[in-house]
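The values are calculated or read from the model by the stated rules, or taken from the named source; none is laboratory data. Computed from a prediction, not measured in an experiment: that's the story for all the values here. Please note: Cβ atoms are built from the backbone with ideal geometry, for glycine as well, and neighbour counts cover all protein chains shown.
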Amino acid sequence: MEKHLHIVFAQPPDGISDEEFNRWYDAHVPEILSVPSFRSCRRYALDPVVTDDTAPRGFRYLAVYEVEGDPAAAVAELERVGLGSKDSYADLKEVDAGSLELPAWWGDVRFASWNCVSLGDRVDSL
């Protein structure tokens, strides 16, 4: 089955330490990986190299999820179970906090995500 990516950029709110944000996010990853089609995740801290001063405020973190099958269907399943958006996640946690409670700073965190559909085989260096 073909693999694609689902990428999520994140920006913790001002005043929240990197340690606190990363502790929460690392605990959140298994929630996402419990959804069928989501196979793996690797998180990154972003270190800007080329910047555009006219661009909107950037993000500090990136999570790269490997998705097996149709990425649109995988994200639809995320939404169905309450993990597809910031609002649906907050709604889910109001009903069932589960093992990971919604952090107090949740209303101020920023996320943006994209499905990345493979355009061909991976090219490796020689």
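Details
- Close pairs (6 angstrom Cβ cut-off, 6 or more residues apart or separate chains): over 18 Å from Pro103 (Cα atoms) and of a type in the set (Lys, Arg) in the range 1-25, part of a loop (DSSP other than H, G, I, E, B) and modelled with pLDDT under 95 anywhere: none
- Here the condition is being exposed (fewer than 13 other Cβ atoms within 10 Å of the Cβ) and either closer than 13 Å to Val8 by Cα or of a type in the set (Lys, Arg) (or both); of Lys86, Lys93, it holds for Lys86 alone.
- Selection from the range 44-68 of residues that are assigned to a loop (DSSP other than H, G, I, E, B) and surrounded by 15 or more Cβ atoms within 10 Å (Cβ to Cβ): Phe59, Arg60
- Every residue from the range 91-109 that is of a type in the set (Phe, Trp, Tyr) and either modelled with pLDDT under 85 or under 16 Å from the mean Cα position of the chain (by Cα) (or both): Trp106
- Taken together, the criteria place Val75 among residues that are buried (at least 16 other Cβ atoms within 10 Å of the Cβ), β-branched (Val, Ile, Thr) and farther than 16 Å from Arg110 by Cβ.
- As a summary of the residue check, Leu83 satisfies the conditions (1) touching a residue at least 40 places away in the same chain (Cβ under 8 Å); (2) closer than 13 Å to Val109 by Cβ except for the one numbered (2).
- Cβ-Cβ distances below 9 Å connect the following pairs, each with a first residue in the range 89-118 that is touching a residue at least 40 places away in the same chain (Cβ under 8 Å) and over 21 Å from Val75 (Cα atoms), a second residue that is among the small types (Gly, Ala, Ser) and surrounded by fewer than 11 Cβ atoms within 10 Å (Cβ to Cβ), and a separation of six or more residues or different chains: Trp105/Gly15; Asp108/Gly15.
- Residue that is nearest to the chain's Cα centre (by Cα), among those in the range 12-43 that are surrounded by 11 or more Cβ atoms within 10 Å (Cβ to Cβ) and charged (D, E, K, R): Arg43
- Of the residues examined, Pro103 is one that is more than 24 Å from Leu119 (Cβ to Cβ) and either polar (S, T, N, Q) or surrounded by 14 or more Cβ atoms within 10 Å (Cβ to Cβ) (or both).
- The condition of being in a loop (DSSP other than H, G, I, E, B) and hydroxyl-bearing (Ser, Thr, Tyr) holds for only one of Ser125, Ser88, that being Ser125.
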